[in-house]
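What follows is a short report on a single structure.
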Amino acid sequence: MNPGAKVGGAFAPRLFLVAALLLAMPCVGRAQKYEGRELVQAKLLADVTAVVPGKPFTVGLLLHMVPNWHTYWKFPGDAGIPTEIKWKLPADWKVGEIQWPIPLKITEPGDIQIFGYHDEVLLLQEVTPPASLKDSTVQLAAEVSWLVCEKICIPGSANLKLDLPVAAQTAAANEEVFSRYRRALPQNWPDQEVSRTTWQREGAELRLTVESAALANYPAADFFPSPEANVVVGHVKIERGAGGKVAFHIPTETADKTVGALNGIVVFGPNENGPDRNAWSVAAPAVTASTPRLSEGLARFLLFGFIGGFILNLMPCVLPVISLKIFGFIQHAGQDRRRILRSGLAFVAGIFAWFIGLALLLIGLKSAGREITWAFQFTNPYFVVLMSAVVLVFALNLFGVFEISLPQFANRGVLGWTAREGDAGSFFQGVFATVLATPCTAPFLGTALGFAFTQSGWTILLMFLAIAAGMASPYFLLSAQPAWLRLLPKPGPWMLRVKQLMGFFLLATLLFLLAVLGAERGVDAIVWTSCFLLALSLACWMKGAFIVPTASLTSRLISLVLVLVLVLGGGYYFIGDKFAAAKVVSAETQMQGGWQPFTPRLLEVELKQGHAVFIDFTAAWCLTCKFNEANVLEAGAVRDAFQRLGVTKIKADWTNADPAITKILKQFGRPGVPMYVLYPGNHAEPILFPEVLTQNMILEKLETVSPHVAAE
């Protein structure tokens, strides 16, 4: 057997499938309790006592928040996540869009504006049953998730059910609460005779002008935008004129220069956030879609994506697994050209498979109204746990603890192609290496992705194809030119020792992943994950020792049951119970070297005082970030320059995908970390650095800080 053929054997397809499924699943919201209090109580209500076949009725999600905590509107503002309802209705039932009551506009420290709800809110949806119902009762079920915030933000979720009888007639139910919240819903825009609207675009600013005598009677008027996902809006400025004329100035950031209007609501009343407010819905005029074509700008960004994908091979993120790629070429050196090309193409196909799958998932999340970012999967601790398990299994396989091969009937049947000396193994090596290579952004890659994430789904898919092509290009060239492989050592018995050595490289990667879990969930998370990994290791050893062709059928069956108990039981107890109960680690931990944890308030105070500020946007799982910090930001010359010039150093930890940090990343057009920003002081424009730093680069820009700041 080829020494490397069992790497990524038959177990790899199953692991890859589980990884994809876990990535698509939301993290279970078990953090809704804080300091012994249940921050949000959720339940479903209906406005009827019974369901009449074919007759629509309204169901409401009622959320009770503890004092001073809030949830979010459909557009959360500068930070936050809107409440989401996923219905599990019987067949042929229909449900309408969420009807959102008028939210509050809340200004938080750091001049962060959000739109949300205090104390209580009822989100309404119209439900239409089919014309014929056989059962005497029906059950409406929904999976609900929310984000509740005060000084910190904690996600929550609940699986709710509502049982209603089926009858020929019905009566009103929960009248008071439904009537109260129906009055709080925005109304349709009145006739042009009552109120007229005009949209204008001046540079990056949109201006909505409303002329209505009705608004003259209300001292408070505001516009709450509800933009598309590719549009970032700033804080609205209000300019009032005579006769009820009000102009709303809306700063925007978008790569789509055709955006000339926004959806939203015009809110007015006796005072801001008062109980007697009214609102009119504003709908952006429909824009006729033009036939898309590959513009020069898009071609340039696709080139950036290709270059960024190529450079991704050289980033610190990929170094722990690059040995797998090199070993794959060494094991095929000296073989015939067709075989080498086929193995190389299988490896390249693995790279493309992961990037295409990731692109499709991001497109789906964007269509559902979610924020999309690069390497978002590493902000999910359960994904990191799964990758830790995969890395350990690969390492044990390299050590020779166990082997997995396809059964003989599969080799002889339609799946016989997988027996072609490791083609399937090469494919899943490509997938595995790519997964571990994507936590960080490379030069050119951040710019390309920042552009793509504001565009259509097709553009996102094209960008990920370009990145995959860039990353795969060196391996395709090596496999297409076998003569270059002659520079590598010839295969031989030494490869067994090298293969075992690579297992230790993977264990180093496992240590890195455990460190990420510690940063996300604390020491308890590392302990319980290690317990699960120990059970998994024992299961792999039992597979290699007892589930072998030479063992009796009884021995194999008993061993298989024990393996399943170890993996499933260990996963349920150590991960599903103990790990899930581990607390999320706050970013505001004690920092060394003069760094301060990022808060919007801290940044606001420093800038108002005219101080120079340097912000390091980082994450525990970002190896490029760690490389830059160790070799550049913590270098003696750079530390001395920070201190000499009086620069405030702030570390923005994005390990757990902080929404406030996500907002700033989006404002600078970056899809993820690392990102480095220098505010020179004295209200000068911020300086954005590339993803990979050098000491000279930092020192040169530091000399541009405001002279009066340096003097202090």
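The values are calculated or read from the model by the stated rules, or taken from the named source; none is laboratory data. Everything numeric here is computed off the predicted structure, so don't read it as measured data. Because the Cβ atoms are built from the backbone with ideal geometry, glycine has one as well, and the counts that use them run over all protein chains shown. With ligands, DNA and RNA removed, areas are computed over all heavy atoms of the protein, side chains included. Shrake-Rupley method; radii C 1.70, N 1.55, O 1.52, S 1.80 Å.
Do you know which residues across the stretch 646-700 are among the charged types (D, E, K, R) and either more than 25 Å from A635 (Cβ to Cβ) or surrounded by fewer than 16 Cβ atoms within 10 Å (Cβ to Cβ) (or both)?
D658, K663, K666, E685, E700
Might you let me know whether the stretch 191-198 holds any residue that is assigned to a strand (DSSP E or B) and either in contact with an Asp or Glu (Cβ under 7 Å, 6 or more places away or on another chain) or surrounded by 13 or more Cβ atoms within 10 Å (Cβ to Cβ) (or both)?
Yes, the stretch 191-198 contains a residue that is assigned to a strand (DSSP E or B) and either in contact with an Asp or Glu (Cβ under 7 Å, 6 or more places away or on another chain) or surrounded by 13 or more Cβ atoms within 10 Å (Cβ to Cβ) (or both).
With the requirement that a residue be touching a residue at least 40 places away in the same chain (Cβ under 8 Å), of a type outside the set (S, T, N, Q), open to solvent by less than 30 Å² (accessible area, probe 1.4 Å) and within 25 Å of I664 (Cα to Cα), what does the stretch 628-644 give you?
Hits for the stretch 628-644 are V632, L633, V638, F642.
Within the bounds of the stretch 132-145, is there any residue that is free of Cβ contacts under 8 Å to residues at least 12 places away in the same chain and in contact with a strand residue (DSSP E or B) (Cβ under 9 Å, 6 or more places away or on another chain)?
Checked the stretch 132-145: at least one residue is free of Cβ contacts under 8 Å to residues at least 12 places away in the same chain and in contact with a strand residue (DSSP E or B) (Cβ under 9 Å, 6 or more places away or on another chain).
I'd like to verify a number: residues in the stretch 390-435 that are open to solvent by 20 Å² or more (accessible area, probe 1.4 Å) and modelled with pLDDT of 50 or more, how many?
9
Looking at this structure, is A525 open to solvent by less than 50 Å² (accessible area, probe 1.4 Å) and closer than 23 Å to A620 by Cβ?
yes
Among the residues in the stretch 607-617, are any part of a helix (DSSP H, G or I), crowded, with 21+ Cβ neighbours inside 10 Å and of a type outside the set (D, E)?
No - not one qualifying residue is present in the stretch 607-617.
Please specify each residue of the stretch 135-192 satisfying the condition of being of a type in the set (D, E) and within 30 Å of K245 (Cα to Cα).
Hit for the stretch 135-192 is D191, nothing else.
Within the stretch 89-104, is even one residue free of Cβ contacts under 8 Å to residues at least 40 places away in the same chain, assigned to a strand (DSSP E or B) and surrounded by 13 or more Cβ atoms within 10 Å (Cβ to Cβ)?
Looking for residues that are free of Cβ contacts under 8 Å to residues at least 40 places away in the same chain, assigned to a strand (DSSP E or B) and surrounded by 13 or more Cβ atoms within 10 Å (Cβ to Cβ), one finds at least one in the stretch 89-104, hence yes.
Could you run through the stretch 61-88 and say how many residues are open to solvent by less than 30 Å² (accessible area, probe 1.4 Å) and out of contact with any helix residue (DSSP H, G or I) (no Cβ under 6 Å at 6 or more places or on another chain)?
14
How many residues are more than 30 Å from T662 (Cα to Cα) and of a type in the set (A, V, I, L, M) if we restrict to the stretch 47-77?
Number of matching residues: 5.
V121: on the phi < 0 side of the Ramachandran plot and in contact with a helix residue (DSSP H, G or I) (Cβ under 9 Å, 6 or more places away or on another chain), yes or no?
In short, yes.
Which of the residues belonging to the stretch 436-474 are at pLDDT below 70 and not in a loop (DSSP other than H, G, I, E, B)?
L436, A437, L445, G446, T447, A448, L449, G450, F451, A452
Would you confirm whether or not the stretch 657-674 contains a residue that is under 23 Å from L511 (Cβ atoms), in contact (Cβ under 8 Å) with a residue 60 or more places away in the chain and of a type in the set (S, T, N, Q)?
No, the stretch 657-674 contains no residue that is under 23 Å from L511 (Cβ atoms), in contact (Cβ under 8 Å) with a residue 60 or more places away in the chain and of a type in the set (S, T, N, Q).
It is to be established whether one or more residues within the stretch 216-223 are outside any loop (DSSP other than H, G, I, E, B), surrounded by fewer than 13 Cβ atoms within 10 Å (Cβ to Cβ) and either β-branched (V, I, T) or modelled with pLDDT under 90 (or both).
Yes: the stretch 216-223 contains one or more residues that are outside any loop (DSSP other than H, G, I, E, B), surrounded by fewer than 13 Cβ atoms within 10 Å (Cβ to Cβ) and either β-branched (V, I, T) or modelled with pLDDT under 90 (or both).
Given P285, P270, which one is closer than 28 Å to A79 by Cα, at pLDDT 80 or above and of a type outside the set (D, E, K, R)?
P270
When you scan the stretch 15-36, do you find a residue that is assigned to a strand (DSSP E or B), over 26 Å from the mean Cα position of the chain (by Cα) and at pLDDT 50 or above, even just one?
No, every residue in the stretch 15-36 fails to be assigned to a strand (DSSP E or B), over 26 Å from the mean Cα position of the chain (by Cα) and at pLDDT 50 or above.
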